[in-house]
Amino acid sequence: MIENKEVTGIILIAGNSIRYGQNKNKNFEKIKSKYIFQYSLEAFQENIYIDNIILAIKGDEKEYINNIIKKMPIYKEVKLVQGGKSRKESVYNCISKTDSDIVIIHDGARPLIKQEYINKNIEAMKKYKGTSIAVKSKDTIKITNNEGIVIKTTERKNTWLIQTPQCFNRIILKKAHENCKEQDKITDDCMLLEKEGYEIKLIDGDYSNIKLTNLEDLKIIEKFF
């Protein structure tokens with residue numbers, strides 16, 4: 001517990017994996033005989049701050065996932081919640097199924113999660129209402145209009161690439177979800193708190209914490225392992 005605050009870990013594995021292009025849920029790829037999402041589940045299971053865990057899943061994959069979890073040495077409560085048509089909807093479904101003070105949200109497709117990412121996020125909640133692991137951009141980032149014409153160049157020292165886990169005050173995050181109706185434009189939960197005027201604290205991660213998006217990523221992740 002952190003100052004008598006209950007923490008729920010949320011792992012998102014309900015996506016359609018369209019960009020993966022393999023006609024399967026990328027979270028069910030295996031590395032070293034484990035499914036991708038199991039690495040995140042194990043990390044949350046072992047963390048000293050996290051009290052319980054929720055997996056956002058597809059309804060038709062519930063039995064399959066249950067069978068995987070049953071074979072794991074699980075001692076924390078793990079709840080399966082049906083995800084939605086978007087990331088935003090999946091997160092909202094999960095945060096509506098817990099009464100915890102803090103939620104920490106992670107992409108199941110980022111198997112190289114480290115305990116320090118989880119700990120630093122949760123510990124930062126003593127001061128902030130929202131935090132995220134991120135890395136500084138190595139490249140110059142340019143903002144364009146819809147025609148691909150540059151309208152702004154960012155300063156590299158102030159440009160970050162957002163990763164997960166991300167951590168939030170659950171009540172504030174839930175209200176931010178309810179206040180925002182733009183399903184498709186929300187790509188991470190920090191955006192919701194930003195819209196509400198809250199400060200988001202970015203915490204240094206590292207470049208190994210990549211997300212499995214396509215087959216090339218799978219090869220990179222396997223090399224890190």
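The values are calculated or read from the model by the stated rules, or taken from the named source; none is laboratory data. Given the structure is predicted, the values throughout are model-derived calculations rather than measurements. FYI the Cβ positions are ideal-geometry reconstructions off the backbone, even for glycines, and counts take in every protein chain you see. These area figures cover heavy atoms from the full protein model, side chains too; ligands, DNA and RNA do not enter into them. Shrake-Rupley method; radii C 1.70, N 1.55, O 1.52, S 1.80 Å.
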For Ala134: the one exception among (1) hydrophobic (A, V, I, L, M, F, W, C); (2) surrounded by fewer than 18 Cβ atoms within 10 Å (Cβ to Cβ); (3) in contact with a Leu (Cβ under 7 Å, 6 or more places away or on another chain): (2)
Could you list all residues from region 137-154 that are aliphatic (A, V, I, L, M) and open to solvent by less than 100 Å² (accessible area, probe 1.4 Å)? Ile141, Ile143, Ile149, Val150
Do any helices (runs of 4 or more DSSP H) lying entirely in region 22-122 carry at least 2 residues that are surrounded by fewer than 21 Cβ atoms within 10 Å (Cβ to Cβ) and without any contact (Cβ under 8 Å) to a residue 40 or more places away in the chain, and which ones are they? 36-46, 62-70
Is region 180-199 home to any residue that is of a type in the set (Ser, Thr, Tyr), under 19 Å from the mean Cα position of the chain (by Cα), exposed (fewer than 13 other Cβ atoms within 10 Å of the Cβ) and outside any strand (DSSP E or B)? yes
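From Lys174, Lys211, Lys201, Lys181, grab the single residue that is basic (Lys, Arg) and more than 22 Å from Cys94 (Cα to Cα). Spell out the reasoning first.
On the way: Lys174 fails: more than 22 Å from Cys94 (Cα to Cα); Lys211 fails: more than 22 Å from Cys94 (Cα to Cα); Lys181 fails: more than 22 Å from Cys94 (Cα to Cα).
On inspection, the qualifying residue turns out to be Lys201.
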Quickly run through region 200-217 and pick out the residues that are under 21 Å from Tyr117 (Cα atoms), touching a residue at least 60 places away in the same chain (Cβ under 8 Å), out of contact with any strand residue (DSSP E or B) (no Cβ under 6 Å at 6 or more places or on another chain) and open to solvent by less than 70 Å² (accessible area, probe 1.4 Å). Asp206, Ser208, Ile210, Leu212, Thr213
Checking Ala176 against (1) open to solvent by 50 Å² or more (accessible area, probe 1.4 Å); (2) more than 20 Å from Ser137 (Cα to Cα); (3) without any contact (Cβ under 8 Å) to a residue 40 or more places away in the chain, only one condition comes out false. Which one? (1)
Could you run through region 127-168 and say how many residues are assigned to a strand (DSSP E or B) and farther than 17 Å from Leu202 by Cβ? 7
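Yes/no matrix, rows are residues, columns are (1) within 20 Å of Glu222 (Cβ to Cβ); (2) among the charged types (D, E, K, R):
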site	(1), (2)
Ala14	no, no
Lys26	yes, yes
Phe44	no, no
Lys58	no, yes
So which of Tyr128, Tyr92 is aromatic (Phe, Trp, Tyr), within 19 Å of Cys190 (Cβ to Cβ) and touching a Cys at 6+ places or on another chain (Cβ under 9 Å)? Tyr128
